[in-house]
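The values are calculated or read from the model by the stated rules, or taken from the named source; none is laboratory data. Quantities reported herein were computed from a predicted structural model and do not represent experimental measurements. Neighbour counts are summed over all protein chains in view; Cβ atoms, including those assigned to glycine, are modelled from backbone coordinates with ideal geometry.
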Amino acid sequence: MVVIVGIDGLEYDYVKEFQFPNLMQKNYGITDLSEFEEPRTMVIWSSFLSGKNQEKRILAEKEMWKFRLGTEETFFSRFNKHIAIDVPGYTQDMEQHNKERQAMKDFFAKKITVEDYDKIVFEHHNKIKQKFFESLGQDYDIVMGYFNAADVIGHLSFGVKSKMKIIYKEMDDIVKRTAEKAGMLLVISDHGMKAIGRFGDHSTYGFWSLNKEIKLEKPKPMDFYDLIANKTNR
Ligand SMILES: [Zn+2]
């Protein structure tokens with residue numbers, strides 16, 4: 001089974017500083033986002049899934065967040081049985097996305113606390129986590145789980161290192177539990193984060209790690225397409 005753990009906003013510098021061994025796996029590094037105008041979540045995940053830079057196409061959309069690739073455009077089409085849990089550009093739950101955006105507005109309007117905000121994010125995280133581990137126990141050829149807590153919580157708390165460390169530890173535990181089920185295991189983020197006071201903004205590179213000794217020199221998000229598609233059992 002090929003397993004992809006997609007972690008929005010996972011920052012290379014924090015992974016390195018915290019030294020979480022499961023996130024780092026055998027090989028890890030940063031991704032090259034230099035051909036993108038900006039590190040936009042929807043653009044980078046869609047480009048990763050399709051092996052093509054989707055920036056122009058997505059920016060031409062009226063509502064970027066509603067963009068969806070067809071299965072045939074993604075590496076999932078190269079496998080018999082796949083599941084992609086909550087993946088932006090493909091299967092993301094828009095209801096939750098809208099709820100999180102509203103919660104951020106409510107926080108800045110002082111209607112809710114940062115703890116209320118975090119709770120909304122964690123409840124969703126736990127649902128995704130459960131579905132992800134259920135899927136690993138089934139007969140899929142490829143499973144991708146997408147986890148957004150590092151990014152969504154990071155936007156309000158990336159500068160609060162003690163809190164971020166708890167979230168990175170949670171992600172490290174998820175990868176640890178996943179490792180025994182996976183043939184190839186890719187951990188990938190769209191972009192990292194940088195602290196702006198207590199808040200966080202997107203950094204201009206992503207993160208990747210693999211459970212194999214494969215040399216990758218600062219790959220672009222699109223470069224993983226062949227690596228994944230070549231694991232096809234068709
Ligand atoms: Zn993102």
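At a glance:
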read-out	value
Single residue of Val114, Val187 found to be aliphatic (A, V, I, L, M) and within 13 Å of the chain's Cα centre (by Cα)	Val187
Subset of the stretch 179-224 [within 19 Å of Val2 (Cβ to Cβ) and of a type in the set (S, T, N, Q)]	Ser189, Ser209, Asn211
Unique match (being among the basic types (Lys, Arg) and surrounded by fewer than 17 Cβ atoms within 10 Å (Cβ to Cβ)) among Lys176, Lys129	Lys176
Residue that is of a type in the set (A, V, I, L, M, F, W, C), touching a Phe, Trp or Tyr at 6+ places or on another chain (Cβ under 7 Å) and either at pLDDT 95 or above or not in a loop (DSSP other than H, G, I, E, B) (or both), where the choices are Ile83, Ile112	Ile83
All positions within the stretch 62-111 that are among the polar types (S, T, N, Q), more than 13 Å from Trp45 (Cα to Cα) and surrounded by 17 or more Cβ atoms within 10 Å (Cβ to Cβ)	Gln96
Failed criterion for His155 (all others in (1) part of a strand (DSSP E or B); (2) within 15 Å of the ligand (Cβ to nearest atom) hold)	(1)
When residues of the stretch 1-49 are limited to those that are hydroxyl-bearing (Ser, Thr, Tyr), more than 11 Å from the ligand (Cβ to nearest atom) and assigned to a helix (DSSP H, G or I), the one farthest from Ile228 (Cα to Cα)	Tyr14
Given (1) more than 14 Å from the ligand (Cβ to nearest atom); (2) at negative phi; (3) out of contact with any Phe, Trp or Tyr (no Cβ under 7 Å at 6 or more places or on another chain), number of the condition His202 does not satisfy	(1)
Boolean, Glu95 is farther than 22 Å from Tyr225 by Cα, within 15 Å of the ligand (Cβ to nearest atom) and not in a loop (DSSP other than H, G, I, E, B)	no
Strands (runs of 3 or more DSSP E) contained in the stretch 185-234 and holding at least 1 residues surrounded by 14 or more Cβ atoms within 10 Å (Cβ to Cβ) and among the basic types (Lys, Arg)	193-196
Matching entry among Gly145, Gly137 (being surrounded by 22 or more Cβ atoms within 10 Å (Cβ to Cβ) and either at pLDDT 95 or above or within 16 Å of the ligand (Cβ to nearest atom) (or both))	Gly145
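Table: residues versus (1) in a strand (DSSP E or B); (2) under 29 Å from Tyr225 (Cβ atoms); (3) in contact (Cβ under 8 Å) with a residue 12 or more places away in the chain.
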residue: Tyr117; (1), (2), (3): no, no, yes
residue: Phe122; (1), (2), (3): no, no, yes
residue: Lys127; (1), (2), (3): no, yes, no
residue: Tyr146; (1), (2), (3): yes, yes, yes
residue: Ser162; (1), (2), (3): no, no, no
residue: Ile167; (1), (2), (3): no, yes, yes
